[in-house]
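Let me begin by presenting the structure, written as structure tokens, before commenting on it.
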Amino acid sequence: MRKSGANYQGICPFHGEKTGSFNVNPARGIFHCFGCGVGGNAISFIMKIEGLSFPEAVKFLAKRVGVIIEERPRTATEKRQSDERELLYRINEQAAKFYRRLLLGDPAGEAGRRYLEQRGVDSATSEAYAIGYAADKWDSLTKHLEQQRVPLDLAEKLGLIKRREGGRYYDAFRNRLLFVIADMHGRPIGFGGRVLDDSLPKYINSPESPIYHKSEVLFGLNLAKHAMREKGNGIIVEGYFDHLALYQAGIKNVVATCGTALTTGHIKVLQRYASKVFTLFDGDSAGRKATLRSMELFLDERLSASVIELPPGTTLILF
């Protein structure tokens, strides 16, 4: 934004333009774009830019400026659930940082670094996705969490570790490249782990948890939401690497399902940011079936959709 008389002027974040037509009037506390016509106040701006409801936007702004919004007293159960959710977020954040450190600088992460190099993933993309690596050890993360005094029963609830019959814990992800599954604000809520060879299962994904609901989460939404809003549309792919390949190629308005079929919940999330979507699934039998199922959902939810068709029998391998 740059000063222009009593206002500030810049490029509109809600549609594509080269000449700035987005104006902010600080004295009146309003904004308006003379290009696309969108306008409002600080609350409506946050509602639109973040895809939040009115109460969520008010709380978002209040937290930013240090204003305490008094709510009805929470019950003991509500407080316990809220405190646990916050702790679960922090545990996932610790795990994401741990996996990232292993990939970037630990000798145990050499296999992951070689794999990314072979797949053509550059350092900027790796950083944007916070890609990590789980060592080929049974208790690498478990020991780290114990050292950090993390309640292991909560780490188990997140699917980061598992319990043996004898009561001891071991890592759920081993010798896998780790994709962070984030919420729309970028907070880690789960992980997708890919093998580095042809062994099966190719992917292991975090289970459902109090902070991760697969039917409502789209991978890469935190990276795509602004581009989707600006373009007015989004592209849906099936896999993490499909998403990454498009993103690295400069196509930012793309999201992926997290190892599950597209749901009504996914579409309701998409409708916050885009008025049209494109499906880009594999051209094999499974991909065609997924496309047909998604079309029924789009029709039910009245969301405009088109199909990007791949040649029969092909899969989306972009690099």
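The values are calculated or read from the model by the stated rules, or taken from the named source; none is laboratory data. For clarity, every value in this text was computed on a predicted model and none was experimentally measured. Neighbour counts are summed over all protein chains in view; Cβ atoms, including those assigned to glycine, are modelled from backbone coordinates with ideal geometry. To get the accessible areas, we keep the full protein, side chains included, count just its heavy atoms, and leave off ligands, DNA and RNA. Shrake-Rupley method; radii C 1.70, N 1.55, O 1.52, S 1.80 Å.
Things to note:
One line per residue, one yes/no per condition, for (1) over 13 Å from the mean Cα position of the chain (by Cα); (2) in a helix (DSSP H, G or I); (3) surrounded by fewer than 16 Cβ atoms within 10 Å (Cβ to Cβ); (4) aromatic (Phe, Trp, Tyr):
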site	(1), (2), (3), (4)
Ala227	yes, yes, no, no
Gly234	yes, no, no, no
Asp242	yes, yes, no, no
Leu246	yes, yes, no, no
Gly259	yes, no, no, no
Ile267	yes, yes, no, no
Phe281	yes, no, no, yes
Ala286	yes, yes, yes, no
Lys289	yes, yes, yes, no
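- Residues of the stretch 219-247 that are in contact with a Ser or Thr (Cβ under 6 Å, 6 or more places away or on another chain) and at pLDDT 95 or above: Ile236 alone.
- Elements of the type strands (runs of 3 or more DSSP E) sitting completely within the stretch 162-219 and holding at least 1 residues that are within 21 Å of Leu246 (Cα to Cα) and open to solvent by less than 50 Å² (accessible area, probe 1.4 Å): these cover 176-182, 188-195.
- Of the criteria (1) open to solvent by 90 Å² or more (accessible area, probe 1.4 Å); (2) modelled with pLDDT of 85 or more, which one Glu70 fails: (2)
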